[in-house]
Amino acid sequence: MATTSDMAPTRRKSATGARAAKAAAATEASVRGAVADTRERQLEAQVAQLQDDLKAITDTLAKLTGDKVGEARAIAKTEMRHLQAKGEQLLSEAQDQAGEVEKQLKDSIREKPLTAVAAAAGIGFVFALLTRH
């Protein structure tokens, strides 16, 4: 049978091995924690970078939108001025034509006053018939 002295060194070896295993486990846990912290920091840095990128994209889109709105406003103003000038031209032409018709009517009344009176009476009679129910 084995003596106590033979067993004692074995136990010491086991205790020393257990301590070494615990130390290795602690070191491994420490390394895992460090790796997790590093990954966490990397992820936080990536999120911060994404936020900066989104901010830059938003600013760029705002500038582009502002530029397009400015362009559209300038085009609309130009078109409005063009249409206003065209409307004034058409109004001037219509006034000229009305003045011409008025002049012709006055000349016609001066040349043939009886015909003008008869035409006015006829027009009045027709309006009277139309308005009478």
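We did not get these values from a lab; they are worked out from the coordinates using the rules stated. If you're wondering where the values come from, they're calculated on a predicted model, not measured in any experiment. Backbone-built Cβ (ideal geometry, glycine too); neighbour counts: all protein chains shown.
By how many degrees, 0 to 90 and rounded to 10, does the Cα axis of helix 113-131 deviate from the longest principal axis of the chain? Long axis of 113-131 versus the principal axis of the chain: about 50 degrees.
More than 21 angstrom separation, counting every C-alpha pair in the chain; what % is that? Show your work: numbers first, answer last.
Numbers: 6994 of 8778 pairs.
That fraction is 80 percent.
The modelled label-to-label distance between SER92 and ALA120, using points 7 Å beyond Cα along the C-beta direction, is 3.4 nm.
For every other residue with a beta carbon closer than 14 angstrom to the beta carbon of ARG32, add +1 if it is Lys or Arg and -1 if Asp or Glu, then tell me the sum.
On the way: positive: ARG39; negative: GLU28, ASP37, GLU40.
With Lys, Arg at +1 and Asp, Glu at -1, the net is -2.
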